[in-house]
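Down below is the structure, laid out as C-alpha cells.
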Amino acid sequence: MKILVTVKQVPDTATKIQIRADGQGIHEEGIKWVINPYDEFAIEEALRIKEKHGGEVVVLALGPSRVEEAVRQSLAMGADRAVIVTTEGSVEPATAAHALAAICQQEGFDLIITGKQAVDDDSAQVGPMIAAGLGLPQVTVVIHLEVDEASKRLRAERELEGASEIVELPYPAVVTAQRGLNEPRYPTLPNIMKAKKKEVRRVTLESLSLPAQPWVTVNRLFEPPTRPEPTILSGDPAETAKELVRLLHNQAKVL
C-alpha cells in the first residue's frame, strides 16, 4: 500500500503565544515548534499498516523552511520519504487542502491519513476538504482502523459524543486520526541518522494550480478577554450557601 500522511508544524501547546501589534499573526521568536499531536497518530497508524501489509509511507507538509524539522522527525519515525510545499506566508485551510490534494494527485496513493485537526487553529477542515477535492470517501475522528487488502476496504471505529460508530468503506479514502488510535513511537538514534539521508522533494505553492482567491481571510487576531479573579467562599456551611445563592442571583445572574 502507498499511504500519504499530512503533517503540520504547530507551536508547542505549552508555549505562550503573543499576537503581533498588527493583529495579523503571532510573534514566532522563541517558539518551540512541534509536529501537530494528531498528525503523530496519523504517522504511527500509517507505519503500522505498512509493517503489516508492506508498501510505502510518504509524508506531505506545507509551510516555511522550519517545517523541515517536523518532516525529518516524521522520517525518523519510519516514513520513507517526504514532499514539502514551501511557502513563507500563512495559508488558510482551503488553500492548504487544495495544495495537498494536488500533491496527492501527483504522487498517487491507496490511503491518505491526516490528523483530525491542528491544535493551532482547530479548524478540522483540511482532511475532509482533501477528500472532497479528490472525490474520495472519508471517515473522521477514527480511534481504530483495520485494512482488508483482499477486498480493498477499511473498517473504522470513529468517536462520537458518548458513543462510537463503525464505518466500512472502500479505499482509496481519507481517514482522520483521533487520540486513542495508537501510541506514537519515539524515533531511535539510528533512525534519526537515517532520516538525514531520506528523500525530501520540495514544491513551491505558486507552482500548483490553486484558486486565485483564498476562501477565508483573517481580519485580525486578538487574545480572549481576561477572566475575573474567582470568588472563594469559606466559613459556616449554612452561611456560605446563602452567600453563594446571593452571588449567583445578583452577580452571576444565573438564578
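The table below gives the values:
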| read-out | value |
| --- | --- |
| Segment Q251-T13, extension gain: residue separation times 0.36 nm, minus the distance between their alpha carbons | 82.3 nm |
| Estimated Rh, the chain: Kirkwood, alpha-carbon pairs, angstrom | 20.4 Å |
| Around L75: net Lys/Arg minus Asp/Glu count, Cβ-Cβ under 15 Å | +2 |
| Neighbour net charge for A118 - beta-carbon separation under 14 angstrom, K R +1, D E -1 | -4 |
| Note, ³J(HN,Hα) from phi for the range 50-58, Karplus 6.51, -1.76, 1.60, rounded to Hz, x at Gly and Pro | 4, 5, 8, 10, x, x, 9, 10, 10 |
| Under 29 Å from K253, Cα to Cα: lysines that are on another chain or at least 8 residues apart | K242 |
| Counted charge near P170, where neighbours are those whose Cβ lies closer than 15 Å (Asp, Glu -1; Lys, Arg +1) | -2 |
| Under Karplus coefficients 6.51, -1.76 and 1.60, residue-wise ³J(HN,Hα) of the range 22-30 in Hz, glycine/proline x | 7, x, 9, x, 10, 6, 8, 5, x |
| Ordering of 73-84, 198-209, 235-246 by burial proxy (mean other Cβ atoms within 10 Å per residue, highest first) | 73-84, 198-209, 235-246 |
| Those lysines that a straight Cα-Cα span of less than 22 Å connects to K194, excepting residues fewer than 8 apart in one chain | K2, K8, K50, K52 |
| Beta bridges by DSSP in the chain, antiparallel share as percent, to the nearest 5 | 40 percent |
| C-alpha center-to-center spacing [the range 62-87, the range 134-168] in angstrom | 26 Å |
| Rounded if a/c under 1.5, otherwise prolate or oblate - the range 189-255, Cα gyration tensor axes | oblate |
| Loop GluC sites (Glu not before Pro), the range 115-194, which have at most 12 other Cβ atoms in a 10 Å radius of their Cβ (DSSP) | E161 |
| GNM flexibility winner over the chain from F109, F222, F41 (Cα, springs under 10 Å) | F222 |
| Against the rule of thumb 2.2 N^0.38 Å, how large the Cα Rg of the range 97-227 comes out | 1.27 |
| Under 5 Å, built H, 5+ apart or other chain: amide partners of K2 | E56, D110, L111 |
| Amide proton proximity set for H144, modelled H, under 5 Å, gap of 5+ | E157 |
| Helix-only mean residue ellipticity at 222 nm for the chain, each DSSP H run of n ≥ 4 adding -39500 (n - 2.57), per residue, nearest 500 | -9000 deg cm²/dmol |
| R0 of 30 Å, Cβ-Cβ distance T204-A21: FRET efficiency to nearest 0.05 | 0.50 |
| Under Karplus coefficients 6.51, -1.76 and 1.60, residue-wise ³J(HN,Hα) of the range 127-141 in Hz, glycine/proline x | x, x, 6, 4, 4, 5, x, 8, x, 10, x, 9, 9, 10, 6 |
| With Cα atoms, 0 to 90° folded angle of helix 67-77 axis to the chain main axis | 70 degrees |
| Distant-in-sequence amide H partners of K116 (H built 1.01 Å from N, under 5 Å) | A177 |
| Sites K2 and T217, calculated FRET efficiency, Cβ-Cβ separation with R0 30 Å, nearest 0.05 | 0.30 |
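Values in this text are rule-based calculations from the coordinates and carry no lab data. Given the structure is predicted, the values throughout are model-derived calculations rather than measurements. FYI the Cβ positions are ideal-geometry reconstructions off the backbone, even for glycines, and counts take in every protein chain you see.
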